[in-house]
1. Tell me, what is the 1.4 Å probe accessible area of Arg185, in Å² to the nearest 10?
2. In whole Hz, with x marking every Gly and Pro, tabulate ³J(HN,Hα) for segment 54-71 from phi via Karplus 6.51 cos²θ - 1.76 cosθ + 1.60, θ = phi - 60°.
3. Ser26 label point, 7 Å along Cα→Cβ, cut-off 19 Å on backbone N: hits in segment 198-226?
4. Give me a comma-separated list of calculated 3J(HN,Hα) values for segment 167-175, in order, Karplus coefficients 6.51, -1.76, 1.60 applied at θ = phi - 60°, integers in Hz, x for any Gly or Pro.
5. Where does segment 94-158 land on Rg/Rh, using Cα atoms and the Kirkwood Rh?
6. Pop out the carbon and sulfur fraction of the accessible area of segment 1-124 as a percent, whole number, probe 1.4 Å.
7. Which order do you get for Met179, Met88 if you rank them by accessible area with a 1.4 Å probe, largest at the top?
8. Show which lysines lie in cross-link reach of Lys120 when reach means a straight Cα distance below 30 angstrom and same-chain residues fewer than eight apart are skipped.
Amino acid sequence: MTEQIVKEQVAIEIKNLSKHYQKENSQMTVLDNINLTINKGEFITIVGHSGCGKSTLLKMIAGMVNIDAGSIEVNQQPIEQSNEHCAMIFQESRLFPWLTVSENVGIGLKHLNKQEKYEKINTYLNLVGLKDFENAYPKALSGGMAQRAAIARGLVMNTDILLFDEPFGALDAMTKIQMQNEVLRIRQEEKKTMILVTHDIEEAIYLGDRVVVLSSRPGKIRDIVPIHIDGKKERTHDQFISYKNKIHDYFFEPHRDEIEFYI
Ligand SMILES: Nc1ncnc2c1ncn2[C@@H]1O[C@H](COP(=O)(O)OP(=O)(O)O)[C@@H](O)[C@H]1O
Ligand SMILES: [Mg+2]
């Protein structure tokens, strides 16, 4: 009974997942034996160096890249059977320049009639604060506004899961902080399962309920760090800084075994 309830709370279950790519005459392992269970409504952030397989992992969850070994289940179903469970938001907004903001946001809503489509687009343009720009073209938007439109386009699809692939990597520092707050606000309203990959440790802690730390290629899980901060999650909070130091050490300090080896 207990197990049944727990299983129903699981949004994504990744078991013994590995991925290889062919590189010249040999195989390159990109992800090595990833095991991760993500609960419904959880915000998971994944942090790792460039090239460690973060995008590959997200694409595999989205069903865009084949699995070589292991499995991924979404709502207890192998992902092959349900490829419409995720919406993905990328580093670049990927808006079509010849379509208005509202046409871009509604691009995936072909199955709805005009009125339903209008209402949905309106709801999400309001949610991301772009209602006044519904008829604007992407060239009139700042980087942050274009990313808001991309988020609205992801939300409008009404999927259970939202995947973010370094969505704020190209934004300036101030806009980035603004967008992170925006995502947290949207999360309060939408209650979706969210996974965000980043190489920004502070962003990972600020957004994540748990931070998954990946090693350099081949990406392996080095640690999964649950983030618990007493009171408001502020970047200046002592506990926030402790998490930052802990995760920072995974990337920039010699591994403990190596330290022992050198002593
Ligand atoms: N379709 C592909 N074919 C061959 N190699 C790939 C492909 N996609 C990614 N790679 C390689 O896999 C590694 C991980 O890529 P990626 O998942 O994009 O890393 P990250 O997002 O962490 O920077 C890189 O070395 C990249 O060159
Ligand atoms: Mg990437």
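1. Approximately 90 Å² of Arg185 is accessible to the 1.4 Å probe.
2. Karplus-based 3J(HN,Hα) across segment 54-71 equals 5, 5, 4, 4, 4, 5, 5, 5, 7, x, 8, 10, 5, 8, 8, 8, x, 8 Hz.
3. Backbone N within reach: 216-220.
4. x, 10, x, 9, 9, 5, 4, 5, 5
5. For segment 94-158, the value is 0.92.
6. About 47 percent, which is the carbon plus sulfur part of the accessible surface.
7. Met88, Met179
8. Answer for Lys120, where 30 Å is the Cα cut-off: Lys40, Lys59, Lys110, Lys131, Lys139, Lys176, Lys191, Lys192, listed by chain and number.
The values are calculated or read from the model by the stated rules, or taken from the named source; none is laboratory data. Quantities reported herein were computed from a predicted structural model and do not represent experimental measurements. With ideal geometry, Cβ positions are generated from the backbone for all residues, glycine too; neighbour counts draw on all protein chains shown. Please note that ligands, DNA and RNA were not included when accessible areas were found on the heavy atoms of the full protein model with its side chains. Shrake-Rupley method; radii C 1.70, N 1.55, O 1.52, S 1.80 Å.
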